[in-house]
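A.B. asks: Here you go, one structure.
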Amino acid sequence: MTQAQLHAHDTSAMASPRRGEAGTQRRSGHIGLGVLKSAGPIVSLLAMVLVFASLTPNFVSAANLQAILESAAVPAVVAIGMTFVLVQGSIDLSGEGVASLANILLSILIANSVTAHDLGAGAIVVALAAGLAVGALNGTLYAYLRMPSLIVTLAMWLITLGLAALLFPSRQPQILDGGFVGLALHKHLGLSALVYLAVALAFVAFIVERRTKLGRIGFAIGADEALVRLAGVNVNVYKVGAFAICGCLTGLAGILTAAQIGVGNPLAGEGLLFPGIAACVIGGTLLSGGRGGVLHSLVGVLVLVTLRNGLVQTGANPLLQKAIEGVVIVVAVAASTWHLRRKTRVVK
Amino acid sequence: MKLLKRISAAVVAAVAIVVGPLAGHGAIAQEKPKTIYLAVGTTSSEYWQEVIWGAQQVANSVGAKLEVYESGFDGQKHMQQLGAILAAGCEGCAFAWFPDSTAFTKAFVERAEAGGAFMTTMWNRPEEIHPWDTASDAWIANISFDGVDSGYQNGMALCKAIGGKGGIAVLKGTPDNPPSKQREIGLLKAVSECPGMTILDTQIGNWGQTEGQNITRTWIARYGDQLKGVFAQNDGMALGAVAALREKGLAGKVPVTGSDGSSDVLKLIKSGDMLSSMRISSQLHGAVAAALAYAVASGDLKIGDLAQAQRDFYLVQTLATKDNVDAMLSAQPNPADFSYDALKKNFWVRSKGQIPVGVN
């Protein structure tokens, strides 16, 4: 068998997100059971919707569903990017810094109340490029210098937050570009462009994940990197690719935050990271890699956003809300990984 | 030219050698500090930038260096920084310090005392300790702004704006910190004086823009027309609330109040998207904290001579509304007003009085 054949054989066998398991089920005719097994997160989401709807009818009103989707748009973009890194078994902690950096870069380069710059769409390109560059640098340091991604990205978190603070012009720049702010304000069928953008990105990311080498080899790296290396795949390239995607999308999240608030803020990324990671895990994307995917993570985002919305809608005690969130995360993750508990996976 | 410079330098040096010991004899009591140490929560906010600016004017005016220590609101980080400065030997140093939470205040002032340094604190003092009863040789003063007054005045402005009747929703910062608690006490006082105004819901927004926006969005869906106003405990959450209202074309129709008076919020008040915000004198905050620390460290002021009202006080603040916002936006602080000599005439001239019992 040539190197190429070996490569094709191994990666295709490994690359299915539900590798092995799904194939076996298909052959033995247990599709229904398989779907049920991986449907834990969706079941959790639906159960939550039912509970909240029974507590307050207003919960399922069109206005509230719009509110949920608007609030989910930015976390969804973060979670999509994060998924590419998590399925490889790595982690990217730099998100809050990268989003803050992109946010402040955008808001001082687009027409604003503090600086004289007005690059228009160019500002978006610069901010996205910054996110992409930081992500690629994360990946390069991790893959080629063989430093743990946890440490590399932790350092990059601090570096990018520091850069954002340096760029901050002492006053929060108000964004004066009407078209840009309009992304969050102008509604089509009740939803802003941000929601449509998040949905479109999810679609593209799903295609990349399932239909391209970048996506499929990503899963294989997470499942068994040694095997993929043995197959002659240049693993490092795919690692850098995943981090670059994550950095770029996190930068985009920072940009979208600027559109939502209409003001640049060097701490805009605060509070994006852990909900982003939690969303992926709730949706069934494992931190150990090899399992899950973009759609899973999106369900996780909806679980978290719906939960927060529902707690406000039903008038839950605000002091209890964090605790309730924690309980739901544990329950949702238990539900979504229940079928894995007997497998010989190492939990760490 | 060069020669002239050298000669004059030599003359100056010679004079210094002869006169130095004599001059030093008189001033032996206390050496003037060469550095003022300033601790801030973050450098990424307008308020803290203005605090730094104020302290910088004081440092410039006495020829001292200002060293700024940023913690990202992490008390442990400030603790390590203070420990490092004091470990290098810092007797008689001047510290204008921000305790990241009330849990750290006592530890900071006691460390300063152990190191023989002097410290003023900003914002966070636990209810049960004061500069005159804790590390009283080192802790000069605690300087803050009246959150009760902020809550009350914003609350009354909201009451007037909704015609004295209707439901409002409250965005709270964090459950456990003095400004958050004070602003709530003030709001409740306003509600008791404006019985037609009722609080529909209170949520914790952690001072953040995005959280303020998400919560307000949910309120709009939950309460619809019932929501007549939003009371946000700071400008960040108020910005988020305005953004959420704007999405539904309600900005300016549902009044929003904040607290801090940052320039972006002043602009929203001017445009009518926001109702009011308590503008605190942030430059003054940094300047007075730095100047008092310097005054004691340099021997211009004796801690023992200070009254309690001089050691735990509020600084002036003004409610920003549409009526006065233009003047606020065009006002440029004059560095001369923040020089040490200007402040020294009376450090407490812009004090709003001693911090009362029961608000921290």
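A.B. asks: Can you tell me which residue among A:Val208, A:Val199 is open to solvent by 40 Å² or more (accessible area, probe 1.4 Å) and either closer than 19 Å to A:Thr83 by Cβ or of a type in the set (Val, Ile, Thr) (or both)?
C.D. replies: After ruling out the rest, the residue left standing is A:Val199.
A.B. asks: So for region A:232-242 (the condition being under 19 Å from the mean Cα position of the chain (by Cα), surrounded by fewer than 24 Cβ atoms within 10 Å (Cβ to Cβ) and of a type outside the set (Phe, Trp, Tyr)), does at least one residue qualify?
C.D. replies: Checking region A:232-242: at least one residue is under 19 Å from the mean Cα position of the chain (by Cα), surrounded by fewer than 24 Cβ atoms within 10 Å (Cβ to Cβ) and of a type outside the set (Phe, Trp, Tyr).
A.B. asks: Of everything in region B:231-250, what is surrounded by fewer than 24 Cβ atoms within 10 Å (Cβ to Cβ) and within 10 Å of chain A (Cβ to nearest Cβ)? Give them in sequence order.
C.D. replies: Once the filter is applied, which keeps residues that are surrounded by fewer than 24 Cβ atoms within 10 Å (Cβ to Cβ) and within 10 Å of chain A (Cβ to nearest Cβ), region B:231-250 yields B:Arg246, B:Glu247, B:Lys248, B:Gly249.
A.B. asks: Consider A:Ala76 carefully, then state whether it is in contact with a helix residue (DSSP H, G or I) (Cβ under 7 Å, 6 or more places away or on another chain), within 16 Å of A:Ala253 (Cα to Cα) and within 14 Å of chain B (Cβ to nearest Cβ).
C.D. replies: yes
A.B. asks: Checking the conditions here, which among A:Leu273, A:Leu287, A:Leu307 is away from chain B (no Cβ under 14 Å) and surrounded by fewer than 24 Cβ atoms within 10 Å (Cβ to Cβ)? Even if it seems obvious, please write down each step before you answer.
C.D. replies: Working: A:Leu273 fails: away from chain B (no Cβ under 14 Å); A:Leu307 fails: away from chain B (no Cβ under 14 Å).
Being away from chain B (no Cβ under 14 Å) and surrounded by fewer than 24 Cβ atoms within 10 Å (Cβ to Cβ) holds for just one of A:Leu273, A:Leu287, A:Leu307, which is A:Leu287.
A quick yes/no check of all residues on (1) of a type outside the set (Gly, Ala, Ser); (2) within 14 Å of another protein chain (Cβ to nearest Cβ); (3) surrounded by fewer than 24 Cβ atoms within 10 Å (Cβ to Cβ):
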position	(1), (2), (3)
B:Asp133	yes, no, yes
B:Ile143	yes, no, no
B:Gly147	no, no, no
B:Leu158	yes, no, no
B:Thr210	yes, yes, no
B:Gln213	yes, yes, no
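A.B. asks: Out of all the residues in region B:35-50, is one or more crowded, with 19+ Cβ neighbours inside 10 Å, polar (S, T, N, Q), within 22 Å of B:Leu306 (Cβ to Cβ) and under 14 Å from the mean Cα position of the chain (by Cα)?
C.D. replies: Within region B:35-50 (the criterion being crowded, with 19+ Cβ neighbours inside 10 Å, polar (S, T, N, Q), within 22 Å of B:Leu306 (Cβ to Cβ) and under 14 Å from the mean Cα position of the chain (by Cα)), the answer is no, since none of the residues qualifies.
A.B. asks: Pairs only if they're at least six apart or on different chains, beta carbon under 7 angstrom, first in region B:38-60 and within 14 Å of chain A (Cβ to nearest Cβ), second part of a helix (DSSP H, G or I) and open to solvent by 30 Å² or more (accessible area, probe 1.4 Å); list them, first residue then second.
C.D. replies: B:Thr43/B:Gln49
A.B. asks: Still on this structure: If you go through region A:290-304 one residue at a time, do you hit one that is open to solvent by less than 20 Å² (accessible area, probe 1.4 Å), within 14 Å of another protein chain (Cβ to nearest Cβ) and either in contact with a Lys or Arg (Cβ under 8 Å, 6 or more places away or on another chain) or aromatic (Phe, Trp, Tyr) (or both)?
C.D. replies: no
A.B. asks: Then there's this: For residues that are open to solvent by 60 Å² or more (accessible area, probe 1.4 Å), within 11 Å of another protein chain (Cβ to nearest Cβ) and assigned to a helix (DSSP H, G or I), scanning just region A:310-341, find the one that is nearest to B:Leu171 (Cα to Cα).
C.D. replies: Only one residue tops the list, namely A:Leu319.
A.B. asks: Further question: Within region B:80-96, can one find any residue that is closer than 25 Å to B:Gln233 by Cα and in a helix (DSSP H, G or I)?
C.D. replies: no
The values are calculated or read from the model by the stated rules, or taken from the named source; none is laboratory data. Quick caveat, the model's predicted, so the values are computed rather than measured. Cβ: placed from backbone, ideal geometry, glycine included. Neighbour counts: every protein chain shown. Just so you know, the surface numbers come from the protein's heavy atoms only, side chains and all, with ligands and any DNA or RNA stripped out. Shrake-Rupley method; radii C 1.70, N 1.55, O 1.52, S 1.80 Å.
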